[in-house]
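Participant: What follows is a single structure, and I will ask about it in a moment.
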Amino acid sequence: MRKLSISIAAAAFLGSAANGAPILINANAPPSAHVSYADLNLASSEGRARLDGRIRAAAENLCAVTGDRSLDAYLTARSCYEAAVASGVRQKDDAVQQQASASSMAHQGAGE
């Protein structure tokens, strides 16, 4: 199954330290989400647009902050969201390029 893994750098969550909150040290990996695109044709603009929507939805879920309505929490969540979307879009672009290369190689092989 083809999936993108959106990962967020731990630095995106350090914004809460600015308000005097304790800093938590965690050895676990930064949060991530898997976004499947196995059912999409990335050669089509519709398929790429649908994947963009899935990436944005996953980033929104991954970076949601509940209960804390402070400016600091908003800025941290926004930074997380932007980093997650950027990561997902980079991976999408790589997947589109790989799919196009594989398709091109298949066509060249069929013509020989």
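Participant: Pop a pseudo-label 7 angstrom from the Cα along the beta-carbon direction at both residue 105 and residue 5 and give the gap in nm to one decimal.
Facilitator: Going from the residue 105 label point to the residue 5 one covers 2.2 nm.
Participant: Run the numbers for residue 97 and residue 72: contour at 0.36 nm per residue of separation, minus the present Cα-Cα distance, in nm.
Facilitator: Length difference between fully extended and current span is 5.2 nm.
Participant: For the stretch 40-57, what does the Karplus curve 6.51 cos²θ - 1.76 cosθ + 1.60, with θ = phi - 60°, yield as ³J(HN,Hα) per residue in whole Hz, taken in order and with x for Gly and Pro?
Facilitator: My calculation for the stretch 40-57 gives 10, 9, 6, 7, 9, 5, 5, x, 5, 5, 5, 5, 4, x, 5, 4, 4, 5 Hz in order.
Read the figures in this text as sums done on the coordinates, not as results from a lab. The shown structure was predicted, so the numbers you read here are calculated from the model rather than taken from an experiment. Counting neighbours? That spans all protein chains shown, and the Cβs are built from the backbone with ideal geometry, glycine included.
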